[in-house]
1. When the chain is fully extended, how far beyond the present Cα-Cα distance does Ala108 get from Asp82, taking 0.36 nm per residue of separation?
2. Angle check, please: helix 120-135 long axis (alpha carbons) against the longest principal axis of the chain (alpha carbons), in degrees 0 to 90, nearest 10.
3. Please give, to one decimal in nm, the separation of the simple spin-label points placed at His56 and Ala75, each 7 Å out from Cα toward the Cβ.
4. Which of Leu73, Leu167, Leu141 moves most in a GNM of the chain, Cα contacts under 10 Å?
5. Straight-line reach from Lys31: which lysines fall under 22 Å, measuring Cα to Cα and dropping same-chain residues less than 8 apart?
6. Counting Lys +1, Arg +1, Asp -1, Glu -1, what net charge surrounds Val67 among other residues with beta carbon under 13 Å of its beta carbon?
7. Can you tell me which lysines have their Cα less than 27 Å from the Cα of Lys99? Leave out same-chain residues fewer than eight positions away.
8. Can you tell which of Asn159, Asn185, Asn142 shows the greatest fluctuation in a Gaussian network model of the chain with Cα springs below 10 Å?
Amino acid sequence: MLLEGKTAIVTGGSSGNGRAIAAGFVAQGAKVVVADLSEQPREGGVPTVEMIEADHPDQSRFAACDVSKVADLEALVRTATDWTGRLDIMVNNAGILRKEPILEATEATFNAMVDVNVKSVLFGSQAAARVMVEQKSGVILNMCSIAGMRGTSGFVHYNMTKGAVRLISYSLADELGPHGIRVNNVAPGIMRTAMNVEDDPVIGTEQGESYLPMIPARRWGEPSEVADACVYLASDLAAYVTGITHVVDGGYLRI
């Protein structure tokens with residue numbers, strides 16, 4: 001039980017990687033606030049809290065949250081502290097992907113991507129850090145991406161936002177480290193989530209399947225594998241690990 005007695009928040013926790021992270025944390029003993037716009041998972045099935053509660057009663061609860069609004073993020077942190085009196089782990093996982101060629105890029109897409117992918121990470125971290133500084137302990141995990149580590153045609157907005165997340169985490173690791181707070185990135189590759197099945201169809205398409213030979217592991221990643229990385233980074237096993245980007249991509253980048 002690597003996270004016994006810990007309280008965590010996972011934004012974007014209704015679907016995909018966030019859903020797996022929330023379940024993985026509870027399996028390791030944590031209480032988890034699952035935050036999202038909707039309880040319904042994009043991939044179908046029962047809501048995350050309902051799924052968790054079947055085996056781990058009273059270990060999770062849902063909080064409606066628009067992560068693009070600072071007031072919602074602050075209220076989310078209060079939900080956690082009102083529940084257990086503390087906040088040990090903040091996972092800023094919520095994110096969106098809208099693919100546009102640069103000649104067709106719009107201000108509306110830019111603003112939406114920055115609000116959800118960048119603003120929410122900075123101010124979600126801020127709200128969590130205010131509690132963690134008082135506790136003199138805490139872990140913040142920000143969901144980056146291999147898209148934040150290299151540029152790709154057609155993904156200028158997404159590359160930009162995930163690159164920003166990476167640098168936010170490095171800055172926060174430096175600033176918050178003296179307060180006993182660790183801050184790290186998790187950078188998934190091509191995982192089996194709605195983002196890679198629907199938003200940017202890779203998995204299950206002829207063109208997408210042609211990418212598999214470029215991945216040394218020769219398979220797509222699973223959300224549970226992102227969750228495993230988050231459990232490690234959130235636990236005391238990673239007590240001397242801060243200011244890094246933990247890549248979970250089957251060797252795709254090889255850097």
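Since every read-out is calculated from the coordinates, none of them should be taken as a lab result. These numbers were taken from a predicted model, which means no experiment stands behind them. Backbone-built Cβ (ideal geometry, glycine too); neighbour counts: all protein chains shown.
1. Details: separation 26, 0.36 × 26 = 9.36 nm, distance 3.60 nm.
Going from the current span to full extension adds 5.8 nm.
2. The angle comes out at about 20 degrees.
3. So the label points at His56 and Ala75 sit 2.6 nm apart.
4. Largest GNM mean-square fluctuation: Leu167.
5. Hits, sequence-local ones excluded: Lys6, Lys136.
6. Around Val67, the charge tally is -3.
7. Counting by Cα, and skipping residues close in sequence, Lys99 has these lysines nearby: Lys69, Lys119, Lys162.
8. Maximum fluctuation in the GNM of the chain, among the listed residues, is at Asn159.
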